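Peer 1: One structure is given below, represented as structure tokens, and several questions about it will come after.
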Amino acid sequence: MSGGNSKLTVAVFAGDGIGPEVTAPCVALLRELMGELGGPVLEFTDVEAGAGLYQRTGEALPQSSLNIAADADAILLGAMGNPDVRYPDGTEIVPQIDLRDYFELYAGVRPVFTAPGMRVPLADPRAQALDLVIIRESTEGLFAHRGEGEETAERATDRLTITRGACERLFDFSFELARQRKAAGGPGIVTCVDKANVLRSFGYFRRLFDERAERYPDIETRHIYVDAAALALVKQPWVFDVMVMENLLGDILSDLGAGLMGGLGMAPSADIGAANAVFQPCHGTAPDIAGQDKANPTAMFLSGAMMLEWLGEPHDVPACRDGAALFRVAVTDAFADEALFPTELGGEDGTSAITEQVRTCLAARLAGR
């Protein structure tokens, strides 16, 4: 932590499209919240990266930006990229993935969280009380060798890599998270998601999971194939607690999880490593609605709450943990009784309306402390 308990630094990558629109109110609310709690000052530093920067300078993620991020206590990211702006090889600008690689952010944390009043697609009442977490390995799997695949006129080949070291740290993270959730009243279950019945690499993934599970006898373990997991997430998502999986499988199922919350604008995320972490909404830059006050900032707000919670743990800052809980509850309050109907979901509430409702609910929670 910078300057003892008095200050925490946050590198802010607002990015492209709607990224700056959802980042600005999140930063404002975080400042207001921590000011009211008398906790550490959050010092936000704007950092450039993304498709817009690439268009201007030919560089999407400069070393100078990486240096600022490396020195910060946490990294907050809006959204980066633009489908119309690509590298010469045709791939999109994805500095968010480059950040994962650079800082070895191996655990992609994708909460699936709902509360009464949120407009969710499943009619079952249990779908409005979901609380599960998808953990996506973010450094290897099928993404490990992106850009290195072989292609001819007749075939294309990519490689999937699973290593013991990456799996063991991922599984330890997942079991420790399940332990924390169990201590808070959760079921304490970790489900390994794979395709071990078909692919040798996933068989290895599963064997390593079972080996590591022996260190956590207090946590229940389960196995499920990814196709069955997709079905179960739609039919009965409430049976899951912590789900852990390879990179590509997590990429896909985490979007399904966002759908259970109503859409990508509701879904927060974190990419966590040994010393650094990035917090960002699951949605993209949505350039088609940029500048129209239509973006849903909810995912960004919940990502901000995740950031506060993470900052509170390694630095032992109770105000950050308290702030995280208050921010999350304020978002839940804002959606109670279907008070909000985001534009994303077919309603009329955009960035400003949602922000003000959350601000009002946050003020009420702070006043009631």
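Peer 1: Using mean Cβ contacts within 10 Å as the protection proxy, how do 40-50, 64-74 order, highest first?
Peer 2: On the way: 40-50: 19.5, 64-74: 17.5.
In descending order of packing, they fall as 40-50, 64-74.
Peer 1: Which value results for Rg/Rh of the stretch 257-369 when Rg is the Cα radius of gyration and Rh the Kirkwood radius based on the inverse mean 1/r? Each step should come with its number before you reach the end.
Peer 2: Numbers: Rg = 14.6 Å, Rh = 14.7 Å.
Reported Rg/Rh (Cα atoms, Kirkwood Rh): 0.99.
Peer 1: Scattering from the C-alpha atoms of the stretch 1-113 alone, worked out with Debye: what is log10 I(q)/I(0) at q = 0.13, 0.15, 0.19, 0.22 1/Å?
Peer 2: The computed values of log10 I(q)/I(0) come out as -0.55, -0.72, -1.07, -1.28.
Peer 1: Right, another one. Setting aside same-chain residues fewer than 8 positions from K182, which lysines have a Cα under 29 Å from its Cα?
Peer 2: K195, K235
Peer 1: Give the peptides 134-144, 249-259, 282-292 in descending order of average Cβ contacts within 10 Å, highest first. It would help to have the intermediate numbers written out before the result.
Peer 2: Numbers: 134-144: 23.4, 249-259: 20.5, 282-292: 18.0.
Descending packing order for the listed peptides: 134-144, 249-259, 282-292.
Peer 1: Run lengths n ≥ 4 of DSSP H only: what is the helix-derived mean residue ellipticity at 222 nm for the chain, with -39500 (n - 2.57) per run over all residues, to the nearest 500? Intermediate results must be reported in sequence, preceding the final value.
Peer 2: Working: 11 runs with 153 residues, N = 369.
Calculated from helices alone, the mean residue ellipticity at 222 nm is -13500 deg cm²/dmol.
Peer 1: Between A70 and E36, how many nm apart are label points set 7 Å from Cα along the C-beta direction?
Peer 2: 3.8
Peer 1: Please tell me the relative contact order of the stretch 124-206 in percent, rounded to the nearest whole number, where contacts are Cα pairs under 8 Å and at least six residues apart. Walk me through the numbers before you get to the answer.
Peer 2: On the way: 63 pairs, mean separation 16.9, N = 83.
Result for the stretch 124-206 is 20 percent.
Peer 1: Any chance you could check the Cα centroid distance between the stretch 85-157 and the stretch 308-369 for me, in angstrom?
Peer 2: Comparing the Cα centres of the stretch 85-157 and the stretch 308-369, I get a distance of 25 Å.
Peer 1: Could you tell me which helices of the chain pass both thresholds, a Cα extent of 15 Å or more along their own axis and a mean Kyte-Doolittle hydropathy of at least 1.0, with helices taken as whole DSSP H runs? Don't jump to the answer; show the numbers that get you there.
Peer 2: Details: long enough: 19-37 (27 Å, 0.63); 164-183 (28 Å, -0.66); 200-213 (20 Å, -0.96); 247-261 (21 Å, 0.98); 298-312 (21 Å, 1.12); 318-335 (26 Å, 0.59); 351-367 (24 Å, 0.42).
Span-like helices in the chain: 298-312.
Peer 1: From the gyration tensor of the Cα coordinates in the stretch 316-369, what semi-axes in whole Å does the equivalent ellipsoid have, largest first, with each one equal to sqrt(5λ)? Write down the numbers at each step before the final one.
Peer 2: Working: eigenvalues 119, 25, 15 Å².
Working from the Cα gyration tensor, I get semi-axes of 24, 11, 9 Å.
Peer 1: Under 13 Å between alpha carbons, and skipping anything fewer than 8 positions from K294 in its own chain: which aspartates and glutamates qualify?
Peer 2: The qualifying aspartates and glutamates are E21, E344, E348, D349.
Peer 1: What order do you get for 264-270, 222-228, 150-156 when each peptide is scored by the mean count of other beta carbon atoms within 10 Å, highest first?
Peer 2: Averaged packing, sorted descending, gives the order 264-270, 222-228, 150-156.
Every number in this text was worked out from the coordinates using simple rules, so none of it is lab data. Please read all numbers here as calculations on a predicted model, not as lab measurements. Positions of Cβ are generated from backbone atoms using ideal geometry, with glycine treated the same way; all protein chains shown enter the neighbour counts.
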